[in-house]
Amino acid sequence: MIHFEQFVLQNGLKVIVHEDHSTPMAVVDVMYDVGARDEDPEKTGFAHLFEHLMFGGSVNIPSYDEPLQAAGGENNAYTTNDLTNYYCQLPAENIETAFWLESDRMLSLAFGEKSLEVQRKVVSEEFKEHYLNKPYGDVWHKMRTLAFKVHPYKWMTIGAELSHIEHATLHDVQQFFFKHYTPVNAILVVAGHVTVEQVKQLAEKWFGDIPSGEKYIRTLPPEPLQRTARQLEVHAKVPIDAIYKSWHIYPRLDQRYYITDLLSEILGGGASSRLFQSLVKEKQLFSNIECYHFGTIDAGLLTIDGKLVKGVSMQDAEAAIEAELEKLKVSTIEEKELQKVKNKTESLIAFEDMSLMNRANSLAFYTLLGDTSMINNELQRYNNVTPADIKEDAVTIFDPGNSNTLYYYAGN
């Protein structure tokens, strides 16, 4: 059981406190309710660009890293299609340094042509290195546009096109910041060797006077039900052929999410999974194969991706995958096999909860979902899944009309 207390400042900032006096450290985690799905389709990549800009200094503090490092701290951030998260860890006795830094860049981030130009170049180089020039680097650009026709999950966090970042103006950037980076759209989690009273005092002191901003109301177009299979062939300079198959699944708050999560583990969660045992070890059709999903808040994708053994045809590889899926659709799995992946899930949750940083991040995420207490009942939701649920889920998800397939051929 992870204990926490929460309160809301007058400006709308949600604050969650998790006391853990077994450590001398403290974590300050600020999660903003903005991700790539909230971007203008003609101006994508801004949420990720901001992850970089937020470390460029504020009006009052030229460098974010220097004072934090002087206080013995370290920090990082990440952006997804759903959210943006900034977090730092430092000795609890220096925690006010983190409050000072985080509140200052929320209130008065430095906007200038110079800092924008620097970060624009950094992100552009990242785009080229990881997505344009890397083998298989464009897979998810292609798969997203194949699978999503309406919902903004159709572009990646890095952006739909390099030109969107290259042409980002200071005005565009300022508008995005003032729309999303406000107390009413943020969650502050403080965890570690702190007290609730101490956090209340510091939160009020450093964040209380920041104007609340307007609550961002998300109105995204839902992706229509896919009824016809989609395929795309790609020929590129890559070492070996690969196949990627994706199917639409459920939103994060749908109970079926937990069924699908376990289903992905049964199929492709490591060396003991069905796909690996059958198609890598026994039939030797693939050098590696995985099944996974990204846990997106809105309805996302479950994906199987595999690298083919040289000489194996794409048709044989795909037929072998389909045969494994058919087994799940026609026969109920044994309780023993399901329990094995439940045990693995329980171990993963327990391992994650050992880290103070992970606990803080999870508290922020569940608060964003609307129910902080989910951190303590997720395991029960997994344990409620039955073999019959897995079979029903497989039939629904692996409907041929719901599939998106990328055939990635090695060649010029």
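The values are calculated or read from the model by the stated rules, or taken from the named source; none is laboratory data. What you are looking at is a predicted structure, and each value in this text was computed from that prediction instead of being measured. All Cβ positions, even for glycine, are placed from backbone atoms using ideal geometry, and neighbour counts span all protein chains on display.
Which is over 26 Å from PHE148 (Cα atoms), hydrophobic (A, V, I, L, M, F, W, C) and at pLDDT 95 or above, of LEU262, LEU302, LEU267, LEU285? Steps first, please.
Working: LEU262 fails: over 26 Å from PHE148 (Cα atoms); LEU302 fails: over 26 Å from PHE148 (Cα atoms); LEU267 fails: over 26 Å from PHE148 (Cα atoms).
Every option except LEU285 fails the conditions.
What are the residues in region 277-288 that are touching a residue at least 24 places away in the same chain (Cβ under 8 Å) and either outside any loop (DSSP other than H, G, I, E, B) or crowded, with 19+ Cβ neighbours inside 10 Å (or both), if any? Before the answer, list the steps.
Let us first name the residues in region 277-288 that are touching a residue at least 24 places away in the same chain (Cβ under 8 Å), namely 278-279, 283-287.
Hits for region 277-288 are SER278, LEU279, LEU285, PHE286, SER287.
Taking only region 14-54 into account, find how many residues are in a loop (DSSP other than H, G, I, E, B) and over 20 Å from the mean Cα position of the chain (by Cα). Working first, answer last.
Residues of region 14-54 that are in a loop (DSSP other than H, G, I, E, B), as a first pass: 20-24, 33-35, 39, 41-42, 44-45, 54.
Then keep just the ones that are over 20 Å from the mean Cα position of the chain (by Cα); that gives 20-24, 42.
The number of residues fulfilling the criteria is 6.
How many residues, within region 214-250, are farther than 18 Å from CYS291 by Cα, at pLDDT 95 or above and in contact with a Ser or Thr (Cβ under 9 Å, 6 or more places away or on another chain)?
6
Give me the residue from region 333-356 that is part of a helix (DSSP H, G or I) and among the hydroxyl-bearing types (Ser, Thr, Tyr) and, out of that set, farthest from PRO24 (Cα to Cα). Reasoning before the result, please.
From region 333-356, those part of a helix (DSSP H, G or I) are 335-353, 356; that's our starting set.
Adding the requirement that they be among the hydroxyl-bearing types (Ser, Thr, Tyr) leaves 345, 347.
Working: THR345: 29, SER347: 26 Å.
It comes out as THR345.
Here are some conditions: (1) modelled with pLDDT of 95 or more; (2) more than 30 Å from PRO221 (Cβ to Cβ); (3) within 21 Å of the chain's Cα centre (by Cα). GLU93 meets all but one. Which one does it not meet?
The one condition GLU93 does not meet is (3).
Would you please name the residue that is farthest from GLN255 (Cα to Cα), looking only at residues in region 289-312 that are surrounded by 17 or more Cβ atoms within 10 Å (Cβ to Cβ) and of a type in the set (Ser, Thr, Tyr)?
Start the filter on region 289-312 by keeping residues that are surrounded by 17 or more Cβ atoms within 10 Å (Cβ to Cβ), which leaves 289-291, 293, 296-309, 312.
Now narrow it down to the ones that are of a type in the set (Ser, Thr, Tyr): 296, 303.
Working: THR296: 14, THR303: 19 Å.
By that ranking, first place goes to THR303.
Only residues that are polar (S, T, N, Q) and either in a strand (DSSP E or B) or crowded, with 18+ Cβ neighbours inside 10 Å (or both): list them for region 81-105, please.
ASN81, THR84, ASN85, GLN89, THR97, SER103
If I ask for residues that are assigned to a helix (DSSP H, G or I) and among the hydrophobic types (A, V, I, L, M, F, W, C), which ones from region 311-332 would you list?
Of region 311-332, the ones assigned to a helix (DSSP H, G or I) are 314-330.
Within region 311-332, MET314, ALA317, ALA319, ALA320, ILE321, ALA323, LEU325, LEU328, VAL330 qualify.
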